[in-house]
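So the structure is just underneath, and the comments pick up after that.
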Amino acid sequence: MINQPQDGRFVTLASILAPLAPETPEAAQLEIRSCGISPDDAFRHGLFVCLADNVNQAEKEIDRAVTRGAVAVVVRRGLFSARRCSLFASFLFEVDEPLDVFGQACQILLDRPAEKLRLIAVTGTAGKTSLSYLIAGVLAEAGIQVGLIGSLGVYNGVTLVPGTETTPTADRLALRLAEMVENGCTCAIIEVSVQALAEHRIAGLKFDAICLTNIRRDHLDLLHTVEQYRKTKMKIFDYATPETLVVCNSDDRVTQAVLHLIDNPTITVGLRPSDSLVSGMPVEQNRGGQTFYIVAGNDAVPVHSKIIGTEHLYNCLLAAALGICRNIDLHTIVPGLERVEHIPGRLEQIDCGQPFAVFVDNATTPETLEATLKTVRSITSRRLYCVLGTPADGDLSKRPVLGQIASNMADELIITSADFATPASEDILNDVLKGTKNTLHAKTYCQRPEAIVWALSNASPDDTVVIIGTDPAVDEDATDEILSSRQFVRHWLYENQPSLEPFWF
């Protein structure tokens, strides 16, 4: 819920409904000081946005909201018959999408913070968090004060506040943007998930730039089909203006196929200079990082990143392309990319002096898992251990696919829970096992700590252990509720790894 600050400003309902329901003259002077979507909110001369699709439920919610201070109500068009609508004629308004009104109201009640920032949307199936960090690094290197909203939390220009969702709801999003404005930010980077697009969480925003990492397959538990998932992803362009810059990866097959649908200034990146305006040229990759060139026009500048993988290279190119379009020169862009030395849970290397490599990665889709294992395989001289934490979401179809990919690419496969808080059920483990080429090749542990300990205990020098699963956004003192893989691995390695110092004889 949003409450307008007590600063004397006057917001009318008509100003909130203006582009969404312009034929509302009776709302012209109706004063609104709060807005919410729960009928149990404490409204202060407020607007209740009713999301109920059932008439009887809607009437009950409207009655509750009115008794708690709502002076106007918005419902979905066609929900009430003309007769029932007349019962609420003095304060009820019909719109095509109530959540769009909610997003608009949240922005207006807080004095439109989004319009005081240059907004950059980062969307795509994979790589949103990594790209957001890289863009923030480039902008910070150029002296721009930037805020960031994403799956690892919210940076409001002063502090990082951990978060549990990629894109907050419209009311929390407006509050975070208002904090950034107050803290002196001039730019905000927002990770936009497909769930946020489906639920209209970014309603009321218009983006200065949209960065599209890739379009693959995910969230079929929410959107049911790959086609519907992709259509929902493309709704990001509903929040563009004719001047909005689009930066995308033309090497991504699906993105390439939809380029003709994007009616905006567009810059592409890729590994083929002939097909892209900004391209990359890999040089070398090892446990210590990777080196590549960024090529833009006649300029080619080397980059050394401590983060490995082709996906990271693509994200660096996207961030560089955005920087170039913002008149930041390559010699400023490169230090901005290199200052991002790790991204929590994104192919993050854990180095405690052990003789084998350990990586933690949040690969939750078949495509991201395959990319991760392909990357670590390329730098592994001996055996590859994969601790596969399987997501307990509703998309059952991807579980055996994850098992098949891990089984084909790893020498040792250990299947377990995706996080420390929730042990994996036997059903989940069996779903993943169905995809493995040999069930005897895989070990299963319901408890995540046991699976990680087995892999670390059995790894030998020059092996690689990659631990797949979800992690909390920040490292905190270990508890049953908050525990990260990186934290657990560090503690175990410091306490249990054998000494590598040679004996005197």
* Asked: How many residues does the stretch 273-299 contain that are assigned to a strand (DSSP E or B) and open to solvent by 60 Å² or more (accessible area, probe 1.4 Å)?
  -> 8
* Only residues that are crowded, with 22+ Cβ neighbours inside 10 Å and either hydroxyl-bearing (Ser, Thr, Tyr) or at pLDDT 95 or above (or both): list them for the stretch 213-229, please. => THR213
* To do: Report yes if HIS331 is touching a residue at least 24 places away in the same chain (Cβ under 8 Å) and in contact with a strand residue (DSSP E or B) (Cβ under 6 Å, 6 or more places away or on another chain), otherwise no.
  => no
* Asked: Could you list, in sequence order, the residues of the stretch 420-455 that are surrounded by fewer than 21 Cβ atoms within 10 Å (Cβ to Cβ), among the aliphatic types (A, V, I, L, M) and either under 10 Å from TYR385 (Cβ atoms) or modelled with pLDDT of 95 or more (or both)?
  -> VAL453
* Can we say VAL55 is more than 33 Å from the chain's Cα centre (by Cα) and more than 30 Å from ARG339 (Cβ to Cβ)? -> yes
* Structure fact -> Checked the stretch 382-413 for anything over 21 Å from the mean Cα position of the chain (by Cα) and either part of a loop (DSSP other than H, G, I, E, B) or without any contact (Cβ under 8 Å) to a residue 24 or more places away in the chain (or both); matches are ARG382, ARG383, LEU396, SER397, ALA410, ASP411
* **Single unsatisfied condition, ALA392 versus (1) within 20 Å of SER485 (Cα to Cα); (2) out of contact with any Phe, Trp or Tyr (no Cβ under 8 Å at 6 or more places or on another chain); (3) crowded, with 21+ Cβ neighbours inside 10 Å; (4) of a type outside the set (Asp, Glu)** => (3)
* **Filter result for ILE37 (at pLDDT 90 or above, more than 32 Å from the chain's Cα centre (by Cα) and not hydroxyl-bearing (Ser, Thr, Tyr))** => no
* **Residue in the stretch 339-352 that is within 20 Å of GLN285 (Cα to Cα), in contact with a Ser or Thr (Cβ under 7 Å, 6 or more places away or on another chain), open to solvent by less than 30 Å² (accessible area, probe 1.4 Å) and not in a loop (DSSP other than H, G, I, E, B) present** => no
* **Selection count where residues are of a type in the set (Asp, Glu) and at pLDDT 95 or above, scope the stretch 345-360** => 0
* Right, ILE308: in contact with a strand residue (DSSP E or B) (Cβ under 9 Å, 6 or more places away or on another chain) and at pLDDT 95 or above or not? -> yes
* Structure fact -> Apart from one, (1) of a type outside the set (Lys, Arg); (2) under 27 Å from LEU205 (Cα atoms); (3) open to solvent by 10 Å² or more (accessible area, probe 1.4 Å); (4) modelled with pLDDT of 90 or more all hold for ALA65; the odd one out is (3)
* Being surrounded by fewer than 19 Cβ atoms within 10 Å (Cβ to Cβ) and touching a Leu at 6+ places or on another chain (Cβ under 8 Å) is the filter; apply it to the stretch 401-411 and report the residue that is nearest to LEU347 (Cα to Cα). => MET409
* Structure fact -> Of the listed residues (ALA371, ALA357), the one being in contact with a Ser or Thr (Cβ under 6 Å, 6 or more places away or on another chain) and either touching a residue at least 12 places away in the same chain (Cβ under 8 Å) or surrounded by fewer than 15 Cβ atoms within 10 Å (Cβ to Cβ) (or both) is ALA357
* To do: From GLU179, GLU165, grab the single residue that is in a loop (DSSP other than H, G, I, E, B), in contact (Cβ under 8 Å) with a residue 12 or more places away in the chain and not β-branched (Val, Ile, Thr).
  => GLU165
* So THR232, is it more than 22 Å from LEU313 (Cβ to Cβ) and surrounded by fewer than 20 Cβ atoms within 10 Å (Cβ to Cβ) -> yes
* Structure fact -> From the option list VAL360, VAL303, single residue qualifying as within 19 Å of the chain's Cα centre (by Cα) and in a strand (DSSP E or B) is VAL360
* Does at least one position in the stretch 324-332 carry a residue that is open to solvent by 10 Å² or more (accessible area, probe 1.4 Å), in contact with a helix residue (DSSP H, G or I) (Cβ under 7 Å, 6 or more places away or on another chain) and closer than 30 Å to LEU396 by Cα? -> no
* **GLY147, sole failed condition from (1) among the small types (Gly, Ala, Ser); (2) in a loop (DSSP other than H, G, I, E, B); (3) in contact with a strand residue (DSSP E or B) (Cβ under 7 Å, 6 or more places away or on another chain)** => (2)
* Among the residues of the stretch 90-103, write down those that are surrounded by fewer than 24 Cβ atoms within 10 Å (Cβ to Cβ) and under 19 Å from PHE237 (Cα atoms). => ASP96, GLU97, LEU99, ASP100
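The values are calculated or read from the model by the stated rules, or taken from the named source; none is laboratory data. Please read all numbers here as calculations on a predicted model, not as lab measurements. In this analysis, Cβ positions are derived from the backbone assuming ideal geometry, glycine residues included, and neighbour counts consider all displayed protein chains. Ligands, DNA and RNA are excluded from the accessible area calculation, which covers all protein heavy atoms including side chains. Shrake-Rupley method; radii C 1.70, N 1.55, O 1.52, S 1.80 Å.
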